Amino acid sequence: MTTEPELMDSNEGETAPSMEGPRVTYDHGGMAENGEVLISLQDFSAYYGQQEVLKNINLTIAKRKITVFMGPSGCGKSTLVRTLNRMNDEVPGFRISGKVLLDGEDIYAPGVDPVLLKTRVGMVFQKPNPFPISIYDNVAFGPRIHKLAKSKSELDSIVSESLQKAALWDEVKDRLGKSAWGLSGGQQQRLCIARALAIRPEVLLMDEPASALDPGSTSKVEELMVELKENYTVVLVTHNMQQAARVGTSVAFLYKGDLVEFGPAADVFENPQSALTEKYIRGSL
């Protein structure tokens, strides 16, 4: 049996419970499409030491939509997405104020297990990070850790289903026992997506997942994101405005830690309410 590496818990998740929620409203920039609120940030601020990097953020994230965080480098978008599954907890000096509600529960409340949280909110990073084991074992890793499969055939089904959802099955089905490191960059990123989906998370966080990929691989990842929103809530961080416009249901524009504007993607790009948003879209900020 292959020796398994240390678990990278940011890529784990579990089946979403069926729950009714409040309807989505936008705090900035127009009316939202109808949809259930899955995540709500309330008066949320984040700090590294004495430096405030997110300032009193209020926004809602709709279930089974693609919410995009965009803005220039250093605006706080990556910090914001990482707060949604407490990825920053171990960063020295990091602290928060306010609330982040997932299905109405504050994920920073005492008694909330960050490890279990990460089984509901998975993450895909900017650079593909497959484990140095087989393609099969990469996808099977999470289900094995969490004992989701009662038999080898059930585990096989989880692996094949996850690879199919990540649009990778047809490319790797005949070499599942081969090293994941033998895949191309684009294939490795889709493998990481499959690995995250294998635990069936409610939310998939994607921190610039296509920034290191070629145009062809980027297109495949974007198509995949649009398909995934049928069953998952996707939160995407990107500095690529064209990508945000292509895939986003709603867009949040951040600048120097402030949420400047938040609304339906078409409204933000075609009729921005803030002069700062308009300058950023025009490339003059």
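Throughout, read-outs are computed from the coordinates displayed, never taken from laboratory work. Small disclaimer: the values here were computed from a predicted structure and weren't measured. With ideal geometry, Cβ positions are generated from the backbone for all residues, glycine too; neighbour counts draw on all protein chains shown.
Relative contact order of the chain, taken over Cα pairs closer than 8 Å and 6 or more residues apart, is 29 percent. Note on the chain: Cα-only Rg and Dmax are 18.6, 58 Å. A Cα-only calculation for region 231-277 places Rg and Dmax at 10.6, 35 Å. Between LYS152 and GLN242, what FRET efficiency follows from the Cβ-Cβ distance if R0 is 51 Å, with the result rounded to 0.05? Result of the calculation: an efficiency of 0.70. For region 193-244, taking the reciprocal of the average inverse distance between every pair of different Cα atoms yields a Kirkwood hydrodynamic radius of 11.5 Å.
Among residues other than LEU276 with Cβ under 12 Å from its Cβ, the summed charge is 0 (Lys and Arg +1, Asp and Glu -1). Under conditions of 4 °C and 1.567 mPa s, region 177-285 yields 85 µm² s⁻¹ as its translational diffusion coefficient, taking Rh as the Kirkwood radius over Cα pairs in the Stokes-Einstein equation.
For every helix of n ≥ 4 consecutive DSSP H residues, a contribution of -39,500 (n - 2.57) applies; sum these over the chain, divide by its total residues, and give [θ] at 222 nm rounded to the nearest 500 deg cm²/dmol. Could you put the intermediate results ahead of the total?
Values: 10 runs with 88 residues, N = 285.
My calculation for the chain gives -8500 deg cm²/dmol from helical runs alone.
For the peptides 104-114, 215-225, the ranking by mean Cβ contacts within 10 Å, running from highest to lowest, is 215-225, 104-114. When each of the peptides 45-51, 232-238, 95-101 is scored by the mean number of other C-beta atoms lying within 10 Å of its residues, the order from highest to lowest reads 232-238, 95-101, 45-51. Over all pairs of different C-alpha atoms, region 66-182 has a mean inverse distance whose reciprocal, the Kirkwood radius, equals 16.9 Å. When both region 167-230 and region 97-154 are represented by their alpha-carbon centers, they are found 16 Å apart. Pairs over the 20 Å Cα-Cα cut-off, from the set LYS65/LYS127; LYS77/LYS279; LYS220/LYS279; LYS118/LYS178; LYS118/LYS150; LYS77/LYS127: LYS65/LYS127; LYS220/LYS279; LYS118/LYS178; LYS118/LYS150.
List the DSSP H helices in the chain whose Cα atoms stretch 27 Å or more along the helix axis and whose mean Kyte-Doolittle hydropathy is at least 0.5. Write out the running numbers ahead of the final one.
Details: long enough: none.
Span-like helices here: none at all.
What is the local net charge at GLN187, summed over the other residues whose Cβ is closer than 12 Å to its Cβ (Lys, Arg +1; Asp, Glu -1)? Computed value for this residue: +1.
In nm², what is the average projected area of the convex hull enclosing the Cα atoms of region 136-196?
Details: hull surface 14.9 nm².
One quarter of the hull surface, i.e. the mean projection, equals 3.7 nm².
With semi-axes defined as the square roots of five times the eigenvalues of the C-alpha gyration tensor, the equivalent ellipsoid of region 35-123 measures 19, 17, 12 Å, largest first.
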